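Worksheet: one structure, shown below.
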Amino acid sequence: MPDPDIPIIEISDEDIERISEDIVELPNEKKERYLTEYSLSEYDSNVLTANKNISEYFEDIVKIIFLNNL
């Protein structure tokens, strides 16, 4: 039974999409992406996601390599 003191909040699909875009990728999610997208080993994925700066550096390098291969 709904609480009568709390109003019902309608959240549209657009709101959910907009909010989802603002959520940062968590280290475990990033690790899984590295495993699947880049075929990295479990060890390498763990090392790269253990530190935010290292992970950002890796992402920057991947972007540079990708852009140079276009």
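The values are calculated or read from the model by the stated rules, or taken from the named source; none is laboratory data. All of these numbers come straight from a predicted model, not from anything done at the bench. A quick note on method: Cβ atoms are made from the backbone with ideal geometry, for glycine too, and the neighbour counts reach across all protein chains shown.
If the condition is being closer than 20 Å to Ile61 by Cβ and surrounded by 10 or more Cβ atoms within 10 Å (Cβ to Cβ), then segment 1-35 contributes Glu25, Pro27, Glu29, Lys30, Lys31, Glu32, Arg33, Tyr34, Leu35. Which pairs do you get when a residue that is assigned to a helix (DSSP H, G or I), found in segment 49-63, comes within reach of a residue that is of a type in the set (A, V, I, L, M, F, W, C), reach meaning Cβ atoms under 8 angstrom, with the pair 6+ apart or on two chains? Listed pairs, sorted by first residue: Ile54/Val47; Ile54/Leu48; Ser55/Leu48; Phe58/Leu48. The lone criterion from (1) of a type outside the set (Asp, Glu); (2) surrounded by 10 or more Cβ atoms within 10 Å (Cβ to Cβ); (3) under 17 Å from the mean Cα position of the chain (by Cα); (4) closer than 22 Å to Lys63 by Cβ left unmet by Ser41 is number (3). The condition of being of a type in the set (S, T, N, Q) and either at pLDDT below 90 or touching a Leu at 6+ places or on another chain (Cβ under 6 Å) (or both) holds for only one of Asn68, Asn46, Asn28, Asn51, that being Asn68. Scanning segment 1-44 for residues that are in contact with a helix residue (DSSP H, G or I) (Cβ under 7 Å, 6 or more places away or on another chain) and touching a residue at least 12 places away in the same chain (Cβ under 8 Å) yields a count of 4.
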